[in-house]
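Student: Before I ask anything, here is the structure I am working with.
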Amino acid sequence: MKKNIFTICFVLFALNLFAQKKYELGKVTVEELKEKVHPKDTSAVAAILFKKGNTYLDYDMDGNWVAVTEVATKIKIYKKEGYEFANEQIPYYTGGKQIKLFFDDAVTYNLVGDKVEKTKLKSDGEFTEKVNEIYSLKKITMPNVKEGSVIEYKYTMRTPYLTSLNDWYFQYPIPADYVEYRIAIPQYFNYSVFMKGYLKVNKKPSVVASAAAQKFNELVTVYNIENVKALKEESYVNNIDNYRSMLQFELASTDFPNQGLKNYAADWASVTKNIYEHKDFGDELNYKSYFEKDIEPIIKGVTSREEKIKLIFDYVKTRMNWNEKNSYYCNVGVKKAYAEKVGNVAEINLMLVAMLRYAELKANPVLISTRSNGIAVYPAPSAYNYVIAGVELDNNQQILLDATSKNALPNILPFRALNWLGRMIRNDKTSIEVDLAPKSNSKEVVNVIAAIDEEGKVEGKIRAQYFDYNAYGFREIHLKTSKDKYLEEMEKRYGGVEVGEYTTTNDNDLSKPIIETFSFVNNNLADRIGNKIYFSPMLHYARHENPFKDEVREFPVDFMFPYQDKYSYTITIPKGYEVESMPEPIAIYMESNIGSFKYNIIKTANQVQVTTILDMNYSNIPPDYYHTLRDFYKKMLEKQNEKVVLKKV
């Protein structure tokens, strides 16, 4: 019996020792170097063989607390397209207290004959790049990387900032065979832990351990996962990091000896209260002397709430220029920003709130997280990075305003701000959630008058009108592009179309839709076979590729805003031809009023007339409806590409 127990213990010990060695740097095998494709994803250009993180809190030389994170990574390169994964870059904050970051044990392994060749990273492969005034990137470029290489490296970061620990990711653009994260929290700290994403990450029971060479205990927790699929970009995804499996840590409280319990932001009420009470936020809202003499004559005698909002909003947009810096805190302050006519998003929009309040409107700042910053899911100061203005109405609705964009309108926010929910902070420091999703469909109305000749050449004129968010996008993107470049992109997008006599109307009159008119010629829209001509009556506007290719989707589909596309075509057929056949009218509806597609077609003696209306009634479609949406697009594209057949009389 004792012998059996000894055998079992020995086997368990050996297995544990093997597991530890398997995920250590410097243990590259010939078999790993010979491997040609990833065993579970043969299309992978590279794969993470393992990635291990270890975070703990320690003292620095001056006796201050610092958070230390050590990360060890081992990557296999399968194809040349995977060479980019032999480079690493780590962003770090440089706008305050010093953060130390350094790489170590960086080696490239290759198989030369039957021997393993090691190439160590030299100093010329490691460098620092300044991103802006407060952030830098520490970069490495691994040497001697080839198809089949295995690379390893380790980096260590020491930071004095403890309120938010670095996020830890379990999912990457390439497969990961094993990912592990260990965190040890001293007994004096209490962190809120948030897990995001769809993966089932294993969490081992937390254990209390004595910190090495220290006089305190730690709560140690280990998370791990094996065989993680690559996280790949899909069509109409807001920000892929919103759905990446990851851990986040926010400081909830501290309890040091002889200091007592100190609570930090642990719920939205405390988060927003702390933000509002900050001198670079709440205090800035109280200043008004710097703008009174300018605003007073603008709103004098105006009684309409909507007119006051428009006048003040237009004044701020015209006067102020955004320096493209995001923050809900002011940097130089509203007074200096106003005088210099340049400011960050907080200075411009807090200034706007103050002016609206001066005009006796119920205006408040609205905290949001931009699309690039991710969705604000958990209560933490870092959940937000942006602020806009909101005016409360009598029916529990709001008018939302962002004066950083010259082309924005009331309730037409910049695309970067359309990110689920914001949080309005009232004067009494209470807060409410605000839905940032646009409510009405932005229209695109296109009229096409065209003619087909006997050779199949199509000539015509197009008049397109863009409303609301379609107009905003046109002004922000196309009007900031040179005309020649825009027309070049259009001709490329529509495959063979030649554009002439191009004009736009209402470029700067935001109260009206953008109108785009142009003539076109296209020799690729109709096929002449024998005595027949075949063409899609939707011409170059017919879509050919379904953006929803995957069988399964775990993420919502994000269109940014609901929309309606209405296209009308009047196509004159060549003399001596008649319509032999044409598509049938159809109306396709999705469940829950998600959207619809209507296709109507009629013929006269010498013309084919088509009207199509595509309605997408929600900006965000949950993954539960993905199959409905995918099937809808499939049927719509089939109809769009059906042909009218002309035959010679």
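The values are calculated or read from the model by the stated rules, or taken from the named source; none is laboratory data. In this text, all values refer to a predicted model and were calculated from it rather than measured experimentally. Glycine also receives a Cβ, built like all others from the backbone with ideal geometry; neighbour counts cover every protein chain displayed.
Student: Out of segment 281-300, which residues are within 35 Å of the chain's Cα centre (by Cα) and either acidic (Asp, Glu) or in a loop (DSSP other than H, G, I, E, B) (or both)? Outline the logic, then answer.
Tutor: Residues of segment 281-300 within 35 Å of the chain's Cα centre (by Cα): 281-287.
Listed by number, the residues that qualify are Phe281, Asp283, Glu284, Tyr287.
Student: Which condition does Gln397 not pass, out of (1) within 30 Å of Phe520 (Cβ to Cβ); (2) modelled with pLDDT under 95; (3) outside the structural domain of Tyr541 (by TED's automatic domain parsing), if it passes all the others?
Tutor: Of everything listed in (1) within 30 Å of Phe520 (Cβ to Cβ); (2) modelled with pLDDT under 95; (3) outside the structural domain of Tyr541 (by TED's automatic domain parsing), Gln397 misses just condition (1).
Student: Determine which single condition Glu234 fails, assuming it passes every other condition in (1) out of contact with any Leu (no Cβ under 9 Å at 6 or more places or on another chain); (2) outside the structural domain of Ser164 (by TED's automatic domain parsing).
Tutor: Against the list (1) out of contact with any Leu (no Cβ under 9 Å at 6 or more places or on another chain); (2) outside the structural domain of Ser164 (by TED's automatic domain parsing), Glu234 comes up short only on (2).
Student: Okay, next question. Could you check, for segment 573-583, whether at least one of its residues is in the same structural domain as Val448 (by TED's automatic domain parsing), on the phi > 0 side of the Ramachandran plot, more than 27 Å from the chain's Cα centre (by Cα) and not in a strand (DSSP E or B)?
Tutor: Scanning segment 573-583 turns up at least one residue that is in the same structural domain as Val448 (by TED's automatic domain parsing), on the phi > 0 side of the Ramachandran plot, more than 27 Å from the chain's Cα centre (by Cα) and not in a strand (DSSP E or B).
Student: Under the condition of being in contact with a Gly (Cβ under 9 Å, 6 or more places away or on another chain) and of a type in the set (A, V, I, L, M), which residue from segment 50-108 is nearest to Glu35 (Cα to Cα)?
Tutor: In this case the residue turns out to be Ile77.
Student: Does segment 381-388 contain any residue that is surrounded by 22 or more Cβ atoms within 10 Å (Cβ to Cβ), in the same structural domain as Asn323 (by TED's automatic domain parsing), over 15 Å from the mean Cα position of the chain (by Cα) and in contact (Cβ under 8 Å) with a residue 24 or more places away in the chain?
Tutor: Checked against the condition, which is being surrounded by 22 or more Cβ atoms within 10 Å (Cβ to Cβ), in the same structural domain as Asn323 (by TED's automatic domain parsing), over 15 Å from the mean Cα position of the chain (by Cα) and in contact (Cβ under 8 Å) with a residue 24 or more places away in the chain, segment 381-388 yields at least one hit.
Student: Sticking with this one: Between a first residue in segment 472-493 that is polar (S, T, N, Q) and a second residue that is at pLDDT 90 or above, which pairs have beta carbons less than 9 Å apart while being 6 or more apart in sequence or on different chains?
Tutor: Partner pairs satisfying both residue conditions: Thr481/Glu489.
Student: Separate question: I'd like to check something: does segment 473-480 contain any residue that is part of a strand (DSSP E or B), buried (at least 16 other Cβ atoms within 10 Å of the Cβ) and of a type in the set (Phe, Trp, Tyr)?
Tutor: No: zero hits.
Student: Keeping to segment 347-372, report how many residues are surrounded by 19 or more Cβ atoms within 10 Å (Cβ to Cβ) and part of a helix (DSSP H, G or I).
Tutor: Selection size over segment 347-372: 11.
Student: Of all the residues that make up segment 415-430, how many are crowded, with 19+ Cβ neighbours inside 10 Å and touching a Ser or Thr at 6+ places or on another chain (Cβ under 7 Å)?
Tutor: Residues meeting the conditions: 5.
Student: Still on this structure: Name every residue in segment 431-442 that is closer than 30 Å to Arg463 by Cα and surrounded by fewer than 18 Cβ atoms within 10 Å (Cβ to Cβ), in order of residue number.
Tutor: Passing the criteria: Ala437, Lys439, Ser440.
Student: Restricting attention to segment 36-80, and to residues there that are crowded, with 21+ Cβ neighbours inside 10 Å and among the basic types (Lys, Arg), which single residue is farthest from Ala230 (Cα to Cα)?
Tutor: That would be Lys74.
Student: If you don't mind, another one. When the residues of segment 403-412 are filtered to those that are out of contact with any strand residue (DSSP E or B) (no Cβ under 6 Å at 6 or more places or on another chain) and in a loop (DSSP other than H, G, I, E, B), which remaining residue is surrounded by the fewest Cβ atoms within 10 Å (Cβ to Cβ)?
Tutor: Only one residue tops the list, namely Lys406.
Student: Taking the stated definitions as given, is Ile586 under 21 Å from Val448 (Cα atoms), among the β-branched types (Val, Ile, Thr) and in contact with a helix residue (DSSP H, G or I) (Cβ under 9 Å, 6 or more places away or on another chain)?
Tutor: yes
Student: Still on this structure, I have one more. Is it true that Ser164 is among the small types (Gly, Ala, Ser), in the same structural domain as Asp58 (by TED's automatic domain parsing) and under 26 Å from the mean Cα position of the chain (by Cα)?
Tutor: yes
The rows are residues; the columns are (1) among the hydrophobic types (A, V, I, L, M, F, W, C); (2) at pLDDT 95 or above.
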site: Gly260; (1), (2): no, no
site: Ala265; (1), (2): yes, no
site: Thr272; (1), (2): no, no
site: Asp280; (1), (2): no, yes
site: Asp283; (1), (2): no, yes
site: Tyr290; (1), (2): no, yes
site: Ile299; (1), (2): yes, yes
site: Ser304; (1), (2): no, yes
site: Asp314; (1), (2): no, yes
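Student: Taking segment 241-274, which residues are free of Cβ contacts under 8 Å to residues at least 60 places away in the same chain and assigned to a helix (DSSP H, G or I)?
Tutor: Passing the criteria: none in range.
Student: Same structure, new question: Only one residue in Lys146, Lys115 is basic (Lys, Arg) and under 34 Å from the mean Cα position of the chain (by Cα). Which one?
Tutor: None of the other options fit; the residue is Lys146.
Student: Just name the residue that is nearest to the chain's Cα centre (by Cα) out of those in segment 85-97 that are surrounded by 13 or more Cβ atoms within 10 Å (Cβ to Cβ) and outside any strand (DSSP E or B).
Tutor: Checked segment 85-97; the qualifying residue nearest to the chain's Cα centre (by Cα) is Phe85.
Student: With the requirement that a residue be aliphatic (A, V, I, L, M) and free of Cβ contacts under 8 Å to residues at least 60 places away in the same chain, what does segment 571-597 give you? Steps first, answer last, please.
Tutor: Going residue by residue through segment 571-597, those that are aliphatic (A, V, I, L, M) are 571, 573, 579, 582, 586-588, 590, 594.
Those that are aliphatic (A, V, I, L, M) and free of Cβ contacts under 8 Å to residues at least 60 places away in the same chain: Ile586, Ala587, Ile588, Met590, Ile594.
Student: Quick test for you: out of Asn606, Asn620, pick the one residue that is farther than 30 Å from Leu421 by Cβ and either surrounded by fewer than 18 Cβ atoms within 10 Å (Cβ to Cβ) or at pLDDT below 95 (or both).
Tutor: Answer to the selection: Asn606.
Student: Please enumerate the residues belonging to segment 334-346 that are within 17 Å of Ile295 (Cα to Cα) and buried (at least 19 other Cβ atoms within 10 Å of the Cβ).
Tutor: Val334, Ala337, Tyr338
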